[in-house]
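Read through the structure below, which is laid out as structure tokens, and then see the notes.
The values are calculated or read from the model by the stated rules, or taken from the named source; none is laboratory data. Just so we're clear, the structure is a prediction, and the values are computed from it rather than from any experiment. Every residue, glycine as well, gets a Cβ built from its backbone with ideal geometry; the counts of neighbours run over all protein chains shown. Heads up: the accessible areas ignore ligands, DNA and RNA and are worked out on the full protein's heavy atoms, side chains in. Shrake-Rupley method; radii C 1.70, N 1.55, O 1.52, S 1.80 Å.
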Amino acid sequence: MRTPVFTGSCPALVTPFDQNGNIDYDAFGRQIDYQLAAGVDAVCVCGTTGESATMSIREHIAAVDYCVKRVDHKVKVIAGAGSNDTSAAVYLSLHAQDSGADALLHVTPYYNKCSQTGLIKHYEYIADRVELPVIMYNVPSRTGVSFAASTYQQLAQHPRINGVKEASGNFSLLAHTRFLCPEDFYVWSGNDDQVVPMMSLGAKGVISVASNIIPDVMLRMSHLCLDNDFQAASELQIQYMDLIDALFCEVNPIPVKAAMNLMGMEAGILRLPLCDMSDANRNTLKASMERMGLLGK
């Protein structure tokens, strides 16, 4: 019987870059400490929000290693290790494992757009070569490919595949997955605007972008769901919808880095091809943050 890597809320950490484009480890450490002080249930490093796509392999390995040491076993560390090159995904996974990470996050191979059989072969190949639990990541808006529920059903048979971060927004897929897969194949929301409805269908929590600025809110929302208080959780989800929408008015992590910098949290610059958000969207984000009392603290 597998146990979930975590239940509740896990921030998808931003990677702060200084003005020279290097990882700002002092700011990164403060960011991790902020999440730990809020009581989050896990942290995820080097995912999409961490701009892993523009990090070198050396930087990726170093960032995971730093995060593991900074967290120091206080919560689980989930290390992003995904690639559209299966051998590279294994390489990153083994380094994360050596660093002491607790689990791996593997996005579906992007650009290649493999078949469902290719997805099965990719994930089984990785899981056969690591000792850590693997969380798959389904985000077709970025990768161009989505899992079928029957593919989840087959991959759920592998003892080291713990479940999936589901960010397709497809509730029918989630319902069919829950029907076809065993109870110990776990699902986490990958969309901050869908935490409550996904958890009502059995998801165990959220891997959250919004947690970078409102960790207490995302933590409370997910734990209310775990406690079956979906009424209160729904009220919180609705209360923060405007802010969550603003955090995704441009491609992630552009808005959340802007929000963090507005709050004095030193998220740093973006790496090209990502660039600063438009003035209009920045004003929308700032106005939403002001309404929620996040500025001027």
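In contact (Cβ under 8 Å) with a residue 12 or more places away in the chain and under 21 Å from D193 (Cα atoms), is that true of D245?
It is true that D245 is in contact (Cβ under 8 Å) with a residue 12 or more places away in the chain and under 21 Å from D193 (Cα atoms).
Just checking, does segment 160-181 include any residue being within 18 Å of T86 (Cβ to Cβ) and open to solvent by 70 Å² or more (accessible area, probe 1.4 Å)?
There is at least one residue in segment 160-181 that is within 18 Å of T86 (Cβ to Cβ) and open to solvent by 70 Å² or more (accessible area, probe 1.4 Å).
Quick check on F185: is it of a type in the set (F, W, Y), within 15 Å of G82 (Cβ to Cβ) and either in contact (Cβ under 8 Å) with a residue 60 or more places away in the chain or in contact with a helix residue (DSSP H, G or I) (Cβ under 7 Å, 6 or more places away or on another chain) (or both)?
no
Conditions (1) in contact (Cβ under 8 Å) with a residue 40 or more places away in the chain; (2) under 13 Å from the mean Cα position of the chain (by Cα), marked per residue:
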position: A37; (1), (2): no, no
position: E51; (1), (2): yes, yes
position: V75; (1), (2): yes, no
position: L105; (1), (2): yes, yes
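Hey, among Y110, Y152, Y123, which residue is under 16 Å from A81 (Cα atoms), among the aromatic types (F, W, Y) and crowded, with 18+ Cβ neighbours inside 10 Å?
Y123
Any residue in segment 80-88 that is surrounded by fewer than 24 Cβ atoms within 10 Å (Cβ to Cβ) and either at pLDDT below 95 or in contact with a strand residue (DSSP E or B) (Cβ under 6 Å, 6 or more places away or on another chain) (or both)?
no
Collect the residues in segment 209-222 that are assigned to a helix (DSSP H, G or I) and crowded, with 24+ Cβ neighbours inside 10 Å, keeping them in residue-number order.
Within segment 209-222, A210, S211, N212, M218, M221, S222 qualify.
Do we have A233 as more than 17 Å from V14 (Cβ to Cβ), open to solvent by less than 10 Å² (accessible area, probe 1.4 Å), touching a Cys at 6+ places or on another chain (Cβ under 6 Å) and not in a strand (DSSP E or B) here?
Yes.
I need a count of the residues in segment 46-65 that are open to solvent by less than 30 Å² (accessible area, probe 1.4 Å), more than 23 Å from C275 (Cα to Cα) and of a type in the set (D, E).
Counting residues in segment 46-65 that are open to solvent by less than 30 Å² (accessible area, probe 1.4 Å), more than 23 Å from C275 (Cα to Cα) and of a type in the set (D, E) gives 0.
Could you figure out which of (1) open to solvent by less than 30 Å² (accessible area, probe 1.4 Å); (2) more than 23 Å from G21 (Cα to Cα) isn't true of V68?
Evaluating V68 over (1) open to solvent by less than 30 Å² (accessible area, probe 1.4 Å); (2) more than 23 Å from G21 (Cα to Cα) leaves (2) as the failure.
Would you be able to say whether some residue in segment 268-275 is farther than 18 Å from F28 by Cβ, surrounded by 15 or more Cβ atoms within 10 Å (Cβ to Cβ) and free of Cβ contacts under 8 Å to residues at least 40 places away in the same chain?
no
Does segment 1-25 hold any residues that are in contact (Cβ under 8 Å) with a residue 12 or more places away in the chain and more than 17 Å from V209 (Cα to Cα), and which are they?
The answer is M1, R2, T3, P4, V5, F17, D18, Q19, G21, I23, D24, Y25.
Checking V130 against (1) open to solvent by 10 Å² or more (accessible area, probe 1.4 Å); (2) over 26 Å from D192 (Cα atoms): exactly one of these is not met. Which one?
So V130 meets the others, but not (1).
Does segment 27-45 contain at least one residue that is closer than 24 Å to Y125 by Cα and open to solvent by less than 10 Å² (accessible area, probe 1.4 Å)?
yes
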